[in-house]
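Structure, as structure tokens:
The values are calculated or read from the model by the stated rules, or taken from the named source; none is laboratory data. The structure displayed is predicted, hence computed values, not measured ones. Backbone-built Cβ (ideal geometry, glycine too); neighbour counts: all protein chains shown.
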Amino acid sequence: MMFKPKKQALLAVFCMLTLIVSACGSKPDASAGQQAPAAASSNEILSKIAKTKTLTVGTDATFKPFEYKSGDQFEGFDIDLIRAVAKELGADKVKFVDTEFKGLIPGLQAKKFDLIVSAMYITDERKKTIDFSDSYFPGGLSIMVKKDNDTIKGFDDLAGKKAAVQIGTKSVKFVEESHKNIGLVQVEKNTEMFLELETGKVDAVITGFPAAKAYAKEKGTVKVLPQTLTEEYYGYGVRKDNPEFVKAVNDAVKKVKDSGKYNEIVKKWF
């Protein structure tokens with residue numbers, strides 16, 4: 001049977017439209033294409049752990065009792081906890097990369113380690129560049145002063161005085177945004193911050209409450225004001241677009257808590 005020219009033309013147009021629609025339907029979805037690297041990145045970390053049986057973490061080992069060094073050995077609450085978490089992830093060994101706090105996020109982004117484990121507060125500002133696990137411990141900023149200092153009873157009393165903070169921490173931004181006319185003294189390491197107070201170069205230190213309490217208890221020369229300045233939560237830092245790895249870490253922390261090991265570690269250090 002022969003088609004008339006008009007019918008042949010209509011049939012040709014119909015066939016072309018069918019081919020176009022089929023081609024569009026088989027084209028990968030744009031959003032799916034954007035998500036693919038995330039899955040690959042997540043699998044890359046988990047596959048590496050499965051192959052090497054090693055979890056590599058970045059930490060600033062100057063923040064007792066969370067992380068510090070005793071000789072060549074890493075010690076502290078964060079250290080014990082991440083070792084327990086690592087076992088749940090399938091790692092027999094944790095490799096610690098000692099890094100200044102301000103260099104932890106750049107180091108993570110440069111893939112120098114798989115995870116940041118360094119008493120790092122979960123903040124909206126940091127979430128712009130990295131992701132976080134669920135919180136594994138509560139904290140909050142506090143004020144530390146010399147034991148015989150009775151003039152500083154709260155944050156308002158720091159106006160016109162000097163306070164030491166560690167570069168890259170939440171304390172810096174908190175003080176800068178307070179508009180209390182506080183002389184901010186920024187130091188590289190946590191130990192330097194405490195030394196500034198001990199030697200009388202500053203009137204106070206603003207740092208995390210748990211670490212401040214531990215230092216005060218150990219030294220006996222300083223005290224921590226009872227009222228915390230903020231309510232904060234510690235979390236593990238993870239590179240962006242690693243949802244599978246974040247979930248694996250969260251599941252591992254939960255298993256450590258459910259086993260009772262978490263409470264043992266908390267009791268040991270706090």
Going by the conditions given, is Lys127 loosely packed, with under 15 Cβ neighbours inside 10 Å and under 18 Å from Thr207 (Cβ atoms)? no
Scanning segment 151-183 for residues that are surrounded by 16 or more Cβ atoms within 10 Å (Cβ to Cβ), among the basic types (Lys, Arg) and in a helix (DSSP H, G or I) gives Lys170
In segment 206-256, the residues that are touching a Lys or Arg at 6+ places or on another chain (Cβ under 7 Å) and surrounded by fewer than 16 Cβ atoms within 10 Å (Cβ to Cβ): Thr221
When segment 84-93 is checked residue by residue, the ones that are surrounded by fewer than 23 Cβ atoms within 10 Å (Cβ to Cβ) and under 10 Å from Val256 (Cα atoms) are Ala84, Lys87, Glu88
Tell me, which strands (runs of 3 or more DSSP E) wholly within segment 190-270 include 3 or more residues that are polar (S, T, N, Q), under 30 Å from Glu44 (Cβ atoms) and outside the structural domain of Leu46 (by TED's automatic domain parsing)? none
Pairs where the first residue, in segment 235-255, is farther than 19 Å from Phe137 by Cβ and the second is part of a strand (DSSP E or B), C-beta under 8 Å, 6+ apart: Arg239/Asp131; Lys240/Asp131; Asp241/Asp131; Asn242/Asp131; Phe245/Val238
